[in-house]
Amino acid sequence: MRVHTKLEKLRKVWMAMVRRCTNADDPNYRNYGGRGIVVCSRWLEFNNFLADMGMPAPGLTLERIENDQGYTPNNCRWATRKEQSRNRRVNRMITFQGESLCLMDWALKLGFSESFLRRRMDVQGMTFEQAITVPKRYKVWRHAKLASSEPCFFDVRGQADQAMLEAQSNA
């Protein structure tokens, strides 16, 4: 069994990059060359790519910083798979209070699971702000919301304030 050197592995990364951007027969061409993603002319030569990018640390892969731009020294870096998963076209970017993050990063920052936020927004039709502020007892929120056009008030347990609801229904 042949052991690949680090340089041979890097050459394979480079060849795959060039192939998916230039060869219409490559299975990934539609996501790269077919979208206008190109490799800068300098990087069509492996030694130039190596000189600009250097050898990656173990566990790092080639990433384009801006997904709609090509492979250039200013737009590429070595990144972890986790970092790359947050830099994909399919990620939902949400701007809240002047900060833009993907849904996964918002979930981590705010202490929710991504699936919880996604379910609230996609299935229950909440806005992002509602998804992070409405108590987890959605049925209580929905009942109170339907009972009044006024803002809904909750106690610390997430229970709708019954006195407030009764006052609103008697008005």
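Quick check, is Pro73 at pLDDT 90 or above and either in contact with an Asp or Glu (Cβ under 6 Å, 6 or more places away or on another chain) or under 19 Å from Lys136 (Cβ atoms) (or both)? Yes: the conditions hold for Pro73.
Say whether the condition of being in contact (Cβ under 8 Å) with a residue 12 or more places away in the chain and open to solvent by 100 Å² or more (accessible area, probe 1.4 Å) is met by at least one residue in the range 73-85. Yes.
Does Gln84 satisfy the condition of being in a helix (DSSP H, G or I) and either at pLDDT below 55 or over 12 Å from the mean Cα position of the chain (by Cα) (or both)? For Gln84, the condition - in a helix (DSSP H, G or I) and either at pLDDT below 55 or over 12 Å from the mean Cα position of the chain (by Cα) (or both) - is not met.
Could you please let me know if Met126 is open to solvent by less than 40 Å² (accessible area, probe 1.4 Å) and assigned to a loop (DSSP other than H, G, I, E, B)? So Met126 passes the test. The residues of the range 35-47 that are in a helix (DSSP H, G or I), modelled with pLDDT of 95 or more and either in contact with a helix residue (DSSP H, G or I) (Cβ under 8 Å, 6 or more places away or on another chain) or surrounded by 11 or more Cβ atoms within 10 Å (Cβ to Cβ) (or both), listed by number, are Arg42, Trp43, Leu44, Phe46.
Determine which member of the set Asn23, Asn48, Asn75 is among the polar types (S, T, N, Q) and under 24 Å from the mean Cα position of the chain (by Cα). One residue alone meets the criteria, Asn75. Scanning the range 1-18 for residues that are within 28 Å of the chain's Cα centre (by Cα) and either among the polar types (S, T, N, Q) or buried (at least 17 other Cβ atoms within 10 Å of the Cβ) (or both) yields Leu10, Trp14, Met17, Val18. Exactly one residue out of Met93, Met121 is open to solvent by 70 Å² or more (accessible area, probe 1.4 Å), within 30 Å of Arg35 (Cβ to Cβ) and either touching a Lys or Arg at 6+ places or on another chain (Cβ under 8 Å) or modelled with pLDDT of 75 or more (or both), and it is Met93.
Here Ala24 meets each of (1) open to solvent by less than 60 Å² (accessible area, probe 1.4 Å); (2) not in a helix (DSSP H, G or I) with one exception, condition (1).
Yes or no: Lys139 surrounded by fewer than 16 Cβ atoms within 10 Å (Cβ to Cβ) and at pLDDT 65 or above? In short, no.
The values are calculated or read from the model by the stated rules, or taken from the named source; none is laboratory data. Just so we're clear, the structure is a prediction, and the values are computed from it rather than from any experiment. All Cβ positions, glycine included, derive from the backbone under ideal geometry; neighbour counts span all protein chains shown. Just so you know, the surface numbers come from the protein's heavy atoms only, side chains and all, with ligands and any DNA or RNA stripped out. Shrake-Rupley method; radii C 1.70, N 1.55, O 1.52, S 1.80 Å.
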